[in-house]
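> Quick one: structure below, then a few questions.
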């Protein structure tokens with residue numbers, strides 16, 4: 001894709017002197033009212049005003065900065081909107097101290113219904129979105145099972161089964177059932193245990209800020225509304241003076257208490273509240289499936305990310321991102337580091353953000369003597385372990401809805417270029433053994449420096465020259481699929497040479513080396529290099545590796561000694577041993593030598609002091625071994 005100067009940069013997104021995007025945070029610029037509003041909501045002080053003071057700047061900044069938009073920030077905005085309408089200042093609030101009609105008053109049931117429905121929708125719609133074939137097949141979070149949190153499951157299951165059954169299957173089952181488990185009284189204890197375990201794990205697995213703790217706190221909404229009152233009533237009497245009251249709540253004019261007769265019919269505002277609750281729930285059920293309205297912005301996924309509750313369903317990996325600029329006057333071509341002049345990474349997945357990014361680059365590059373710059377992007381993306389596919393290309397001008405189509409049925413391999421397009425790639429000099437193999441279609445391999453073209457059919461492979469550019473053109477009617485296989489020959493040669501130096505030093509130390517050692521290699525035995533000569537880079541790398549190995553061994557031995565000292569402190573107390581010359585069960589003082597003692601069959605030898613003749617006679621026997629806790633003494 002290509003864009004030139006002349007478009008308008010996103011309104012409200014300021015530009016700094018050296019960057020495309022000036023950071024817009026929830027606590028900066030217009031968001032300065034958020035902390036004060038959040039504090040007021042928490043304390044129940046000027047509650048309605050505080051809720052609006054938090055809500056307005058939060059949504060302003062959220063809608064302004066698409067880079068921070070996701071399901072979590074969207075949920076916070078929804079909860080802030082609900083809190084601005086609800087009567088959440090009826091119990092334990094500062095407002096209740098000055099307004100008796102609010103103090104310890106009933107809260108209308110529709111308030112709880114709105115919050116409970118919102119959390120229920122988050123769980124249930126997220127579960128429905130996980131019925132996607134990629135999630136059920138175990139492709140969305142394929143590498144998550146390697147995390148240490150799943151090590152207990154890997155004791156009985158393979159990593160693949162842990163990923164499919166625990167990560168994907170367990171996540172699907174919990175999202176679908178969590179709302180129902182929390183809603184019914186009989187299953188609520190089980191639901192609380194499961195969601196607590198789930199969100200505690202998520203807080204360690206992902207960097208998702210306060211979302212896990214927010215969902216943990218929301219679990220209490222499904223319990224009986226009187227649970228805080230019952231909890232405070234069980235506190236000691238001396239604490240109840242500073243805690244909210246435990247007296248029964250007073251009636252509230254906002255509530256409808258039922259009964260017979262016209263006087264007991266719901267008031268107009270109560271009917272409006274019920275209608276609003278129903279409409280809000282229907283709107284929240286509709287939005288996650290309203291993507292037919294936003295067609296053109298959906299970019300390989302079923303709808304805009306942010307209000308769809310498709311959390312963790314799609315994972316992306318960018319293998320190839322290239323930004324090329326061309327001087328409109330001189331024709332000079334250059335390359336930019338991906339992400340330069342910006343702090344966000346989401347531009348690689350959204351065409352409208354990509355266009356904004358290009359407009360910003362076209363404004364900055366003239367400061368670096370690039371006249372009338374033209375910006376080209378070549379982006380390859382893998383979604384859920386599929387082929388790396390070209391998402392945007394530099395072949396034409398198009399708007400924010402011009403991303404290439406996702407190719408289906410392509411799960412194995414690496415790269416899929418569309419028909420009529422090509423991939424330009426560079427093989428590093430370190431990758432001396434690199435070849436390309438065609439899996440599907442027909443390609444034309446162009447070696448740029450050698451000015452040669454080679455036609456490759458399905459199943460053909462060809463070795464590529466290192467340190468040179470090449471282009472792979474798709475010439476078949478359907479998209480081609482090909483993969484690279486490579487060996488880092490530089491790393492292999494380095495490891496081989498380091499192993500030879502290690503063997504040479506071992507022979508020098510045990511006296512089996514008869515040949516004289518060259519002066520440039522004498523530093524491997526601790527001698528300084530010859531005067532006036534620089535240390536050989538290979539020898540320097542060998543010495544650095546040896547130092548790292550020695551430091552690791554020292555840390556391991558230190559940990560071993562610390563464990564022995566801890567075990568020695570415990571063993572220095574009178575313990576019960578059955579020793580020859582003593583009655584069974586007789587207490588004998590013991591002590592353990594500090595330091596890494598000798599090991600016998602993997603056990604540390606423990607010495608027992610002897611005082612009596614019988615003990616001295618029995619002490620000649622080998623000491624009783626005691627287990628050593630994981631020490632590998634070298």
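> Listed residues 161, 157; which is out of contact with any strand residue (DSSP E or B) (no Cβ under 6 Å at 6 or more places or on another chain), over 28 Å from residue 118 (Cα atoms), assigned to a loop (DSSP other than H, G, I, E, B) and without any contact (Cβ under 8 Å) to a residue 24 or more places away in the chain?
On the way: 161 fails: assigned to a loop (DSSP other than H, G, I, E, B).
Testing whether each residue is out of contact with any strand residue (DSSP E or B) (no Cβ under 6 Å at 6 or more places or on another chain), over 28 Å from residue 118 (Cα atoms), assigned to a loop (DSSP other than H, G, I, E, B) and without any contact (Cβ under 8 Å) to a residue 24 or more places away in the chain leaves just 157.
> For segment 473-512, what are the residues that are part of a helix (DSSP H, G or I), surrounded by 14 or more Cβ atoms within 10 Å (Cβ to Cβ) and touching a residue at least 60 places away in the same chain (Cβ under 8 Å)?
Within segment 473-512, 490 is the sole residue that qualifies.
> Okay, moving on. Within segment 353-378, how many residues turn out to be within 18 Å of residue 318 (Cα to Cα) and surrounded by fewer than 21 Cβ atoms within 10 Å (Cβ to Cβ)? Show your work before the answer.
Residues of segment 353-378 within 18 Å of residue 318 (Cα to Cα): 353-354, 357, 376-378.
Still in the running and surrounded by fewer than 21 Cβ atoms within 10 Å (Cβ to Cβ): 353, 376, 378.
Going through segment 353-378 one residue at a time, the tally reaches 3.
> If you don't mind, there's one more thing I want to ask. When segment 521-571 is examined, which residues are found to be over 19 Å from residue 509 (Cα atoms), outside any helix (DSSP H, G or I) and touching a helix residue (DSSP H, G or I) at 6+ places or on another chain (Cβ under 8 Å)?
Listed by number, the residues that qualify are 530, 533, 535, 536.
> Part of a helix (DSSP H, G or I) and crowded, with 19+ Cβ neighbours inside 10 Å, is that true of residue 112?
Values: part of a helix (DSSP H, G or I): yes; crowded, with 19+ Cβ neighbours inside 10 Å: no.
Judged against the criteria, residue 112 is not a match.
> Collect the residues in segment 450-465 that are out of contact with any strand residue (DSSP E or B) (no Cβ under 7 Å at 6 or more places or on another chain) and part of a strand (DSSP E or B), keeping them in residue-number order.
Passing the criteria: only 452.
> Another one. Which ones in segment 513-526 are within 17 Å of residue 502 (Cβ to Cβ) and surrounded by 10 or more Cβ atoms within 10 Å (Cβ to Cβ)? Let's see the steps before the verdict.
Restricting attention to segment 513-526, the residues satisfying the condition of being within 17 Å of residue 502 (Cβ to Cβ) are 513, 515, 517-518, 520-526.
Result: 513, 517, 520, 521, 522, 523, 524, 525.
Just so you know, all these numbers are worked out from the coordinates, no wet-lab data involved. All values reported here derive from a predicted model rather than from experimental measurement. So basically every Cβ, Gly included, is an ideal-geometry build from the backbone, and we count neighbours across all protein chains shown.
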